[in-house]
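Colleague: Have a look at this one.
The values are calculated or read from the model by the stated rules, or taken from the named source; none is laboratory data. These numbers were taken from a predicted model, which means no experiment stands behind them. A quick note on method: Cβ atoms are made from the backbone with ideal geometry, for glycine too, and the neighbour counts reach across all protein chains shown. Surface accessibility is based on the protein's heavy atoms, side chains included, excluding ligands, DNA and RNA. Shrake-Rupley method; radii C 1.70, N 1.55, O 1.52, S 1.80 Å.
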Amino acid sequence: MVSMVQNVAIDCADAYELARFWSEVTGSPLHPEDRPGDHETQVLLSQGLVLHFNQVPEPKTGKNRLHLCLRPDDARDGEVDRLLRLGAALVVDRRNPDGTGWAVLADPEGNEFCVLRSESERAAT
């Protein structure tokens, strides 16, 4: 017997707004019943996994113990720029002059995530 990952749960201050951000990041829809003010919302990823946002009263106080790593379908640096325009913040830039590395960003509530190189960028080096 094994267990299957159903969703990744993310505690947050505003479940609907953070889900809207991640919906834009992933290009995936919000659950059709989710509305502003909901305390639980979901982004339905195309691979079947769900990002589940739980509104909680306590603020984020430290570094994430778990984070998402994103692999864009196009160039990493262009994706970093797009995510910054959506409201992400650059936390640590681990990109190297030779094109390797990654960027650590934070969503609007401070949850860290990484942007990796695309498959085509990986194949070129």
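Colleague: Looking at (1) touching an Asp or Glu at 6+ places or on another chain (Cβ under 8 Å); (2) part of a helix (DSSP H, G or I), which is the one condition that is false for Glu79?
Modeller: For Glu79, the failing item is (1).
Colleague: Which condition breaks for Leu90 when tested against (1) in contact with a Gly (Cβ under 7 Å, 6 or more places away or on another chain); (2) closer than 30 Å to Tyr16 by Cβ; (3) loosely packed, with under 15 Cβ neighbours inside 10 Å?
Modeller: The single condition Leu90 does not satisfy is (1).
Colleague: I need a count of the residues in the range 93-108 that are within 29 Å of Asp11 (Cβ to Cβ), touching a residue at least 24 places away in the same chain (Cβ under 8 Å) and outside any strand (DSSP E or B).
Modeller: 3
Colleague: Mind checking which residues of the range 1-17 are open to solvent by less than 20 Å² (accessible area, probe 1.4 Å) and outside any helix (DSSP H, G or I)?
Modeller: Cys12
Colleague: Right, next: Starting from residues that are open to solvent by less than 80 Å² (accessible area, probe 1.4 Å) and of a type outside the set (A, V, I, L, M), keep the ones in the range 93-107 and report whichever is nearest to Gly62 (Cα to Cα).
Modeller: Asp107
Colleague: Looking at the range 109-125, I want the residues that are in contact (Cβ under 8 Å) with a residue 40 or more places away in the chain and have a partner that is β-branched (Val, Ile, Thr) and open to solvent by 40 Å² or more (accessible area, probe 1.4 Å) with Cβ atoms under 6 Å, at least 6 apart or on another chain. Which pairs are those?
Modeller: Listed pairs, sorted by first residue: Glu112/Val91.
Colleague: Given the structure, is Arg82 out of contact with any strand residue (DSSP E or B) (no Cβ under 8 Å at 6 or more places or on another chain) and charged (D, E, K, R)?
Modeller: So Arg82 fits the description; yes.
Colleague: Go through Arg35, Arg65, Arg20 for me and flag whichever is more than 30 Å from Ala124 (Cβ to Cβ), at pLDDT below 95 and either among the basic types (Lys, Arg) or surrounded by 13 or more Cβ atoms within 10 Å (Cβ to Cβ) (or both).
Modeller: Selected residue: Arg65, the only one of Arg35, Arg65, Arg20 that is more than 30 Å from Ala124 (Cβ to Cβ), at pLDDT below 95 and either among the basic types (Lys, Arg) or surrounded by 13 or more Cβ atoms within 10 Å (Cβ to Cβ) (or both).
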